[in-house]
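K.L.:
Could you have a look at this structure, given as structure tokens, before my questions?
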Amino acid sequence: MEKIILLCSLLAIPAWGVEQSVPYKAGNKLYAEGKFGESAQAYESAVQVGQKHWVLEYNLGNAYYRQGQLGKSILHYERAFRLNSSHPDVIDNLSLASSKAGDPRLPSSALVLLCWKIFYFLSINVWALLSSLGFISLCVFLGFALSGRPLVRMETVGLVGFLVGVSVLWLAARIYILEHPHGIVVSNVAEVRSGPSTSYPANFTVPEGHRVILLKEQEPVQGWHQIGVPEEGLRGWVPETSVEII
């Protein structure tokens, strides 16, 4: 059943809201012809000329998945998810691809999954807009209430204040998550070393498609990323070709 769902979503290449550039059109045409490698290259060209849209990232994920490049596909599904976290096709493909990689992105519990979807249902831009409008409304209502006019009761002000507080905390939580950069292992396996050089021993490995946290190095080393694997409490260094930032 999972394969059927994924196949259906892979066959659908939506185009709404995407600038119909030459590379993007070429990517769609090549994908329809089953030339997935060339299709991915065309989509990458669209990204390089400045196009940024969740559909483009979603299509890139599909093209890489059809080539068997699981890490690359998850990377672009994650980027599509960050741009449109409520679209069911993005969520389904990200869930299935990450589960196949052995690092499920979505919670397994039905209740936790529901909370997860609610948390990500609105984008950060929408939450910022709602928080701003809510704060303005709170100031207006509070002004009326303090002026003694019967237009607004203090109970209403309290309710609006509570909702504004919730929206601000929600927005802060989403921003906090984004400020901790994650990466995806795009090589077959990432050998994590104790230092930024092949002369250091490889302490452990991380399989393709797994998420890692990119740590802020005190002294960045060109060609290397310092990463952390929170689930196992491990950290180390990998070549930057092994991990791409979401």
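K.L.:
Considering only residues that are among the aliphatic types (A, V, I, L, M), within 18 Å of residue 36 (Cα to Cα) and either free of Cβ contacts under 8 Å to residues at least 24 places away in the same chain or open to solvent by 10 Å² or more (accessible area, probe 1.4 Å) (or both), which ones fall in region 61-116? Lay out the reasoning, then the answer.
P.N.:
Applying the first criterion (among the aliphatic types (A, V, I, L, M)) to region 61-116 yields 63, 70, 74-75, 80, 83, 90-91, 94, 96-97, 101, 106, 110-114.
Right, trim to within 18 Å of residue 36 (Cα to Cα) and you get 63, 70, 74-75, 97.
Of everything in region 61-116, just one residue is among the aliphatic types (A, V, I, L, M), within 18 Å of residue 36 (Cα to Cα) and either free of Cβ contacts under 8 Å to residues at least 24 places away in the same chain or open to solvent by 10 Å² or more (accessible area, probe 1.4 Å) (or both), namely 70.
K.L.:
What are the residues in region 145-174 that are modelled with pLDDT under 80, open to solvent by 60 Å² or more (accessible area, probe 1.4 Å) and among the hydrophobic types (A, V, I, L, M, F, W, C), if any?
P.N.:
Of everything in region 145-174, those that are modelled with pLDDT under 80, open to solvent by 60 Å² or more (accessible area, probe 1.4 Å) and among the hydrophobic types (A, V, I, L, M, F, W, C) turn out to be 146, 151, 154.
K.L.:
Anything in region 32-80 that is under 16 Å from the mean Cα position of the chain (by Cα) and among the hydroxyl-bearing types (Ser, Thr, Tyr)? List them, or say none.
P.N.:
58, 73, 77
K.L.:
Looking only at region 180-206, filter to residues that are open to solvent by 40 Å² or more (accessible area, probe 1.4 Å) and closer than 20 Å to residue 79 by Cβ; which one of those is modelled with the lowest pLDDT?
P.N.:
Going through the qualifying residues, I end up with 180.
K.L.:
Right, another one. Would you check if there is a residue in region 44-55 being at pLDDT 95 or above and under 24 Å from residue 125 (Cα atoms)?
P.N.:
no
The values are calculated or read from the model by the stated rules, or taken from the named source; none is laboratory data. If you're wondering where the values come from, they're calculated on a predicted model, not measured in any experiment. With ideal geometry, Cβ positions are generated from the backbone for all residues, glycine too; neighbour counts draw on all protein chains shown. Surface accessibility is based on the protein's heavy atoms, side chains included, excluding ligands, DNA and RNA. Shrake-Rupley method; radii C 1.70, N 1.55, O 1.52, S 1.80 Å.
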